[in-house]
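Pasting a structure here, questions to come.
Quick note: the coordinates plus some simple rules give every number you see, no bench work behind them. Only a predicted model underlies this, so the values are computations on that prediction, with no experimental measurement involved. Positions of Cβ are generated from backbone atoms using ideal geometry, with glycine treated the same way; all protein chains shown enter the neighbour counts.
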Amino acid sequence: MSALMSYLTKNQSAIVSALGQHIELSVIAILITVVIAIPLAAVSLNHRKLGELMLQVTGVIQTIPSLAILGILIPFVGIGTVPAIIALVLYAIMPVFQNTYAGLTNIDPLLIEAADAFGVSKRFKLFKVQFPLAMPMIISGIRIAVVMVIGTATLAALIGGGGLGTYIILGIQTNNNNALIVGAVLSAVLALVASALIRILVRVPVKHMIIGIMVLAMIIAGGVGVKKLMTPKVENVVIAGKMGGEPEILINMYKDLIEQDNPNVKVTLKPNFGGTSFLFKALQSHKIDIYPEFTGTVLQSLVQGHTKLNADPNVTYQTAKQALLKQYQMAYLKPMRYQNGYGITVTQATARKYHLRTYADLKRYPQLWAAFDPDFYQQSDGYPGLQKTYGLNFKSVRTMEPALRYEALAKGKVDVTDAYTTDPQIKKYHLVLLTDNKHFFPPYQGAPLMTKRFMTQHPQIVRSLKKLAGRISTTDMQTMNYQVTVQHQKAATVAKHYLKAHHLLK
């Protein structure tokens, strides 16, 4: 509990900001849902076939995984809050429409006949008779939608939409239970509070409710407008990073260097923005300006026609740079010194016992037990290729999740496992990385990736980023990852300390 309170104190402003983003996403999505679903249900009241069709359509949408919807939306609306809000609205429409339609169509026919007998207009009957009678069902649908939206909004963090999901993802990626608890608990509390507030709406007249929704929408729109007017006119550069501690360290370094050398530039960071495809698409659609990418990833996942990689880091970089420029008009700056690629690791005790220094040494000891990440175990550029290149034939090979395989290795349950060369667990458990003496694994060096146009228009920013070229050793990055992932220090603090220690930051 003391560790959790300490984490809350240190990250108070960031947590409040994430909570505000989560509320903003949820409120906007619910307002749009209500504006669409309730009138649509009212229109469908006199067109039952349309109503039944809408029920089927909204039901089908509910069966589509949320990540799939986000992936479908990205090519059309990019990455960030817009696709997140659209996805949330699609998920929220069903309960609101369904309950509103059911509430309006299941009113006692005698009451409807009584209203018709008085000769009231359709508008009067709808707002004074049908809506008030259906209101409990409508409110129930809205309450279900709100809880659903608040829970699903955590996925917005995967595409740079922000919110409390950032802490959930951060907690999973860095094994930080405090961050995970903060994100999960605040999301649950927010859902409970919102559900309780909505129950109060049962007592509010329909007319007042509609006016309230309109006023709230106007306040939000006005707030956004005022914020834009009051924001100083400085150039804003958006830098994003993949999920995990290491990308967050790198983008904080980029930020510090750029803002030090360019006083008129404000850098906005988007950590834990998502995977490679999300980031690259965001760069193509100008949703972000820069993100760190690895040479091996460029050739294997982003560009076409480069299935075989050269073992020479410089050749790999030049090939990636030219392919990015030719195929996508992207600029790829010089990489840093360290490599974050696949490796094979053992404990110090195992290395001493069997005199292990290289991958080739493993061939002499088939009695060893190995545990690999599921992807590494199946991929051709993982264990199958490694087995063929080095003639490995372990006594037993298991598949384990990344965090579990390190723990199993440290406890002596297995003898050999795969690793990323900058993983903090290597330092945590004092493991030994063996040498890839046949250069099976391709080079993976990180470097800033941006569009050619951005590079041409911002030569000063490019000069700032070039200060990291050829710097940061594998040991340096292991240490920084350890500080962020294991010791739970802030990535911004760790990044700034490195830059100052190496005289890159004043």
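Order these by the 10 Å Cβ neighbour count, fewest first: PHE372, PHE394.
Fewest-to-most Cβ neighbours within 10 Å comes out as PHE394, PHE372.
Could you run the Debye sum over the Cα atoms of the chain, one equal point scatterer each and no solvent, and tell me log10 of I(q)/I(0) at q = 0.10, 0.13 Å⁻¹, two decimals?
For the chain, the Cα-only Debye profile gives -0.89, -1.26.
Moving on to the next point. By a straight-distance test (C-alpha under 28 Å), which lysines pair with LYS49 as possible cross-link partners, with residues fewer than eight away in the same chain excluded?
Excluding near neighbours in sequence, the set is LYS122, LYS125, LYS128.
Also: What is the fewest-to-most order of LEU302, LEU197 by other Cβ atoms lying within 10 Å of their Cβ?
LEU197, LEU302
Give, in nm to one decimal, the length gained when the segment between PHE124 and GLN460 is fully stretched (0.36 nm per residue of separation minus the Cα-Cα distance).
114.4 nm
If you don't mind, another one. With N residues in the stretch 2-230, what two-decimal value do you get for its Cα radius of gyration over 2.2 N^0.38 Å?
So the Cα radius of gyration is 1.15 times the expected 2.2 N^0.38 Å.
Run the numbers for ARG199 and LYS438: contour at 0.36 nm per residue of separation, minus the present Cα-Cα distance, in nm.
Roughly 79.3 nm would be gained on extension.
Here's something else I'd like to know. Taking H as built 1.01 Å from N, whose amide H comes closer than 5 Å to the amide H of LEU45, not counting residues under 5 places away?
When sequence neighbours closer than 5 places are left aside, there are no close amide H contacts.
Under 5 Å between amide H atoms, partner at least 5 residues away or on a different chain: which partners does ARG398 have, H built in plane at 1.01 Å?
The list, which skips near neighbours in sequence, is ALA370, ALA371, PHE372.
In percent, what relative contact order does the chain have, based on Cα pairs under 8 Å that are 6 or more apart in sequence?
About 15 percent, as a whole number.
Something else now. Can you work out the Karplus-derived ³J(HN,Hα) for every residue in the stretch 339-356? Use 6.51 cos²θ - 1.76 cosθ + 1.60 with θ = phi - 60°, whole Hz, and x for glycine or proline.
Each residue's phi maps through the Karplus curve to give 10, 10, x, 5, x, 10, 10, 9, 6, 4, 5, 5, 4, 5, 4, 9, 6, 8 Hz.
In nm, give the distance between the simple-model label positions of VAL215 and ILE36, each being 7 Å from the Cα along the Cα-to-Cβ direction.
Reported label-point gap for VAL215 and ILE36 is 2.7 nm.
At 0.36 nm per residue, minus the direct Cα-Cα distance, what do LYS326 and VAL486 gain on full extension? Give it in nm, one decimal, please.
In short, 53.5 nm is gained.
Give the calculated FRET efficiency between SER13 and ALA117 to the nearest 0.05, with a Förster radius of 56 Å applied to their Cβ-Cβ distance.
Calculated transfer efficiency: 0.35.
Same structure, new question: Given H placed 1.01 Å from N in the peptide plane, which residues other than close sequence neighbours of VAL267 have an amide H under 5 Å from its amide H?
VAL237
Enumerate the calculated ³J(HN,Hα) couplings along the stretch 382-399 in order (Karplus 6.51 cos²θ - 1.76 cosθ + 1.60, θ = phi - 60°), each rounded to whole Hz, writing x wherever the residue is Gly or Pro.
After applying 6.51 cos²θ - 1.76 cosθ + 1.60, I find x, 4, x, x, 5, 4, 6, 5, 9, x, 7, 8, 6, 4, 8, 10, 10, 10 Hz.
Show me, for the stretch 500-506, the HN-Hα J-couplings you get by feeding each phi into the Karplus relation (A = 6.51, B = -1.76, C = 1.60, θ = phi - 60°), rounded to Hz, glycine and proline as x.
Coupling constants for the stretch 500-506: 5, 5, 9, 6, 9, 10, 6 Hz.
Further, regarding this structure: Holding the Cα-Cα limit at 27 Å, pick out from LYS411/LYS490; LYS334/LYS438; LYS10/LYS452; LYS353/LYS490; LYS427/LYS500 the pairs that are longer than that.
LYS411/LYS490; LYS10/LYS452; LYS353/LYS490
Please give the residues of the stretch 119-133, grouped as numeric ranges, whose backbone N is less than 17 Å from a label point set 7 Å along the Cα-to-Cβ vector of THR105.
Residues 130-131 fall inside that zone.
Next question. If you average the C-alpha positions of the stretch 318-338 and of the stretch 234-311 separately, how far apart do those two centres end up, in angstrom?
13 Å
If you don't mind, there's one more thing I want to ask. Within the stretch 338-392, list the trypsin sites (Lys or Arg not before Pro) lying in a DSSP loop whose Cβ has at most 15 other Cβ atoms in a 10 Å radius.
Within the stretch 338-392, the qualifying trypsin sites (Lys or Arg not before Pro) (loop, at most 15 other Cβ atoms within 10 Å) are ARG357.
Using alpha-carbon positions, what is the distance between the centroids of the stretch 71-146 and the stretch 477-506, in Å?
Using only Cα atoms to place each centre, the spacing works out to 51 Å.
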